[in-house]
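What follows is a short report on a single structure.
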Amino acid sequence: MNSWASASQAMFRSRARRLVAQRCLYGVDKNPYAVDLAKLSLWLATLARDHPFTFLDHALRHGDSLVGLSRDQISSFSWEPKQKHLLLSGVLERNLMLAEESRLTLLALGDTDDHAAKVKLLEDSEQATHLVRTAADLVIAAFFAEEKDKQREARRKKNADLLDRVLGDEAPDSDLDAETVKPYQGARPLHPFHWPIEFPEVLLRPTPGFDAFVGNPPFLGGKRISTAHGDGYRDWLATLHADASSNTDLIAHFFRRAFGLLREGGTFGLIATNTIAQGDTRAGGLRWICTHGGTIYAARKRVKWPAPGAAVIVSVVHVARRPNRPVTLERDERPPSDMGVLSCLLNPRMNRHARIML
């Protein structure tokens, strides 16, 4: 009897882990091999031997999490949202709703073994967003194709005219593909990642945004960003995050990106170097966050990396986003929880279901 109960509990835990992996966890990495490794790791950790290796294709995605457009930027067909692009904004809203419905249906399938249905739903979602993804890539292409702001704006307007012709059936879709392929080429290829297009069920829900971020983002001194990634990448980060200077460490931009994608009441816990609390990195990262609705509710500095022989010292920072309901938490106190994980497991279509970015 005890043996049967133990086996039953193990099966229950494994299924619960698979449900959490399929419905709650998300991940993005610019290295496609890292994405595959994450899929393999979760496949093994959840004992999903009866499921194909690709059972998390909808949640673990390839792309540069810092290079991409928001919903408003896509609607405006610009990295500086102004007036909405009349044709594109309508297409965007309709297609995102179609994609969201397909992905919610996919999530509702949960732990079933109907892999063919899941593949079809993911394909439907990506087909629904193909045009708006291409349009967003056109904006990125315009920015990175030129070196000066005036030239970038001229290229953006040229691409907007091309998009209008395609939307008006005056030019073939292949003309868009020819222009958007450019950022993917060259010595420093880009792989844009437009969050609302990739994860519409998270960023279009009534309380938009992720419930939590957990991660160890890369760090790179501000002056070295252009050397490693090019001047265009440095300029993009400056456009993306106001008040961040050229001296701001790359890791502060990941803190800003995570904070911007949190829902109200969401939290993140990220590993950083000690520079996160120093100089321009502090000003462009944590200071900006704390003056725009963020609360640092726990922080540890000079933490020794646990791996044997690793002479690495890091900081661990936890931030809650509650702009409309400020909270003051003592050191190491946990922020309030709304039990979103349970809501997600019980019904992925509920308004409040946990979405956690790893």
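What follows is calculated from the coordinates using simple rules that are stated; it is not laboratory data. All of these numbers come straight from a predicted model, not from anything done at the bench. Here the Cβ positions follow ideal geometry from the backbone for every residue, glycine too, while neighbour counts run over all protein chains shown.
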Check your understanding: Among the residues of the range 69-84 satisfying the criterion of being touching a residue at least 24 places away in the same chain (Cβ under 8 Å) and at negative phi, which is surrounded by the fewest Cβ atoms within 10 Å (Cβ to Cβ)?
Key -> 80
Check your understanding: Scanning for something among the basic types (Lys, Arg), surrounded by 19 or more Cβ atoms within 10 Å (Cβ to Cβ), out of contact with any strand residue (DSSP E or B) (no Cβ under 6 Å at 6 or more places or on another chain) and assigned to a helix (DSSP H, G or I), does the range 263-278 turn up at least one residue?
Key -> no
**Study point:** Among (1) in contact with a helix residue (DSSP H, G or I) (Cβ under 7 Å, 6 or more places away or on another chain); (2) not in a loop (DSSP other than H, G, I, E, B), the one test that residue 56 misses
**Key:** (2)
Exercise for review: Could you check, for the range 49-68, whether at least one of its residues is farther than 20 Å from residue 125 by Cβ and in contact with a strand residue (DSSP E or B) (Cβ under 8 Å, 6 or more places away or on another chain)?
Suggested key: yes
Review point. Residue 187 passes all but one of (1) of a type in the set (A, V, I, L, M, F, W, C); (2) more than 19 Å from the chain's Cα centre (by Cα); (3) not in a loop (DSSP other than H, G, I, E, B); which number fails?
Key: (3)
Review point. Can you name every residue in the range 130-164 that is polar (S, T, N, Q) and more than 26 Å from the chain's Cα centre (by Cα)?
Key: 151
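Yes/no per residue for (1) outside any helix (DSSP H, G or I); (2) not basic (Lys, Arg):
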residue: 84; (1), (2): yes, no
residue: 106; (1), (2): no, yes
residue: 123; (1), (2): no, yes
residue: 150; (1), (2): no, no
residue: 158; (1), (2): no, no
residue: 161; (1), (2): no, yes
residue: 164; (1), (2): no, yes
residue: 169; (1), (2): yes, yes
Review point. Restricting the first residue to the range 268-291 and requiring it to be free of Cβ contacts under 8 Å to residues at least 40 places away in the same chain, which pairs with a second residue that is part of a helix (DSSP H, G or I) and surrounded by fewer than 19 Cβ atoms within 10 Å (Cβ to Cβ) meet a Cβ separation below 8 Å and a spacing of at least six or different chains?
Key: 286/277
